[in-house]
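Shown next, in structure tokens, is the structure this report addresses.
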Amino acid sequence: MKNVIITGGTGFIGKRLAESLRSELGKRARVLAIGSGDVDLTDRNATFSWFARTAADMDCDHLFHLAAVYKAGGWPVEHPATQFFSNTSINVNVLWAWTRFFPKAKLTSALSYCMYPPHDGAHPETELWGTEPEAYLYSYAMTKKALLVGQRACAQEYGSRCTSLVLPTVYGPGGGFEEDSHVMGALIGKFVRAKRLQAPSVEVWGSGSQQREFVFVDDAVNGFIAAAERSEELVQNLGTGSTHSVREIAETIKRVSGYTGQIQYNPDRFVGVSKRSLDSTLIRSSLGWEPRTSLLSGIDQSARWLTDQLDGGHAVDATLARSSSSPATPKHRR
Ligand SMILES: NC(=O)c1ccc[n+]([C@@H]2O[C@H](COP(=O)([O-])OP(=O)(O)OC[C@H]3O[C@@H](n4cnc5c(N)ncnc54)[C@H](OP(=O)(O)O)[C@@H]3O)[C@@H](O)[C@H]2O)c1
């Protein structure tokens with residue numbers, strides 16, 4: 001890889017990917033990590049004009065497409081149209097601009113495991129076709145499916161080179177720790193905050209029995225780089241192969257954060273499907289990718305990062321203070 005563009009480069013995963021590529025590629029490469037302040041990718045003219053200007057200035061051999069509009073918690077249920085319009089526009093504009101201005105560049109995109117149908121088994125990539133995603137994430141999931149269809153179409157018609165990774169929940173330093181974040185970030189935020197405030201208990205949504213798969217952000221970034229460099233597959237899952245119950249997660253975070261109060265499970269909270277996991281056989285055999293970060297180490301790094309941010313008085317404190325004092329309104333969580 002020499003010259004790289006990352007859409008969504010100001011987001012959680014995109015920022016980390018940019019840092020990693022910059023340190024790996026050094027001065028011999030340019031890494032443009034762009035966010036909505038650089039160009040509004042929902043706007044076709046603005047997107048084409050940004051790509052045209054960039055193409056006049058540099059050649060790009062790799063485009064990571066991570067830009068998307070999504071929030072965890074109850075937001076997807078209340079904003080299916082926003083997700084449809086934003087993400088469909090972003091994806092169509094990026095695919096179009098890629099094939100028009102950088103037709104030789106390879107594209108690697110980020111998909112989500114909510115594209116799979118709701119059942120308890122591990123999902124192989126073949127299940128992406130001829131199945132329906134779960135209802136409350138339908139709009140977001142279908143825009144990801146449409147992105148994959150678009151990539152396949154570009155490969156078929158123009159011979160474009162592309163690949164995609166289907167991610168489970170990604171967590172780590174720099175992620176979201178608000179109460180309505182995904183379950184891992186939300187719980188780390190709750191326990192770290194409860195310790196600071198010496199709160200007597202922490203509420204955990206659901207009975208604690210629901211199971212999820214998590215990937216630490218640096219492992220996801222390594223997967224993106226490996227897929228960009230070597231993958232010949234249209235799409236592959238990037239998962240650890242292990243699921244963890246919310247109870248196990250909560251107890252681990254409690255221990256790691258040093259919180260000594262009680263955990264209160266609230267089974268009245270709706271928390272989505274009982275289990276979600278990926279079959280990641282393909283990425284292991286085709287790329288040799290393996291996660292390197294244990295759950296314990298990932299939680300520890302995340303909790304330390306958040307504590308440092310709060311100790312330093314960073315803005316995340318305001319978000320946590322808000323989520324600690326107000327009752328949670330969202331009823332769903334991915
Ligand atoms: N995090 C996860 O657990 C997870 C799980 C599965 C899949 N994914 C996928 O992985 C990708 C990255 O996720 P993330 O958690 O890093 O997302 P994120 O933190 O929410 O970042 C989203 C990025 O998209 C950019 N963006 C949004 N609207 C835009 C627009 N109109 N024009 C240009 N850029 C726009 C944002 O730019 P600004 O911030 O500058 O506005 C930001 O850089 C996404 O495609 C997501 O669907 C993530």
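Here, each number is a calculation from the coordinates, and none is a lab measurement. As the structure is a prediction and not an experimental result, all values here were calculated from the model. Note: ideal-geometry Cβ built from the backbone for every residue, glycine included; neighbour counts use all protein chains shown.
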Out of Ala199, Ile225, Asn237 - ranked by how far each Cα lies towards the positive end of the dipole of region 197-288, with unit charges on the beta-carbon of charged residues - the top one is Ala199
Rounded to the nearest 10 degrees, what's the angle between the helix 217-230 long axis and the longest principal axis of the chain, both from Cα atoms, 0 to 90? 20 degrees
Sort Glu203, Glu179 by Cβ crowding within 10 Å, fewest neighbours at the top. Glu203, Glu179
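Ranking Ser109, Ser242, Ser231, Ser207 by Cβ neighbours within 10 Å, fewest first, what do you get? Could the numbers behind the result be given before it?
Working: Ser109 27, Ser242 11, Ser231 24, Ser207 16.
By the 10 Å Cβ count, ascending: Ser242, Ser207, Ser231, Ser109.
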Region 21-104: trypsin sites (Lys or Arg not before Pro) in DSSP coil with no more than 10 other Cβ atoms inside 10 Å: Lys104
Suppose each label sits 7 Å from its Cα in the direction of the beta carbon; what would the Trp129-Glu157 distance come out to in nanometres? 1.9 nm
Net charge of Cβ neighbours under 14 Å - reference Lys104; Lys, Arg +1; Asp, Glu -1: +2
If Lys and Arg each add +1 and Asp and Glu each add -1, what is the summed charge of the other residues whose beta carbon sits under 15 Å from the beta carbon of Asp120? -1
Sort Lys15, Lys2 so the one with the fewest other Cβ atoms within 10 Å of its own Cβ comes first. Lys2, Lys15
Filter on Lys71/Lys145; Lys71/Lys190; Lys15/Lys104; Lys15/Lys190; Lys2/Lys145; Lys106/Lys144 - keep pairs with C-alpha separation over 20 Å: Lys15/Lys104; Lys15/Lys190; Lys2/Lys145
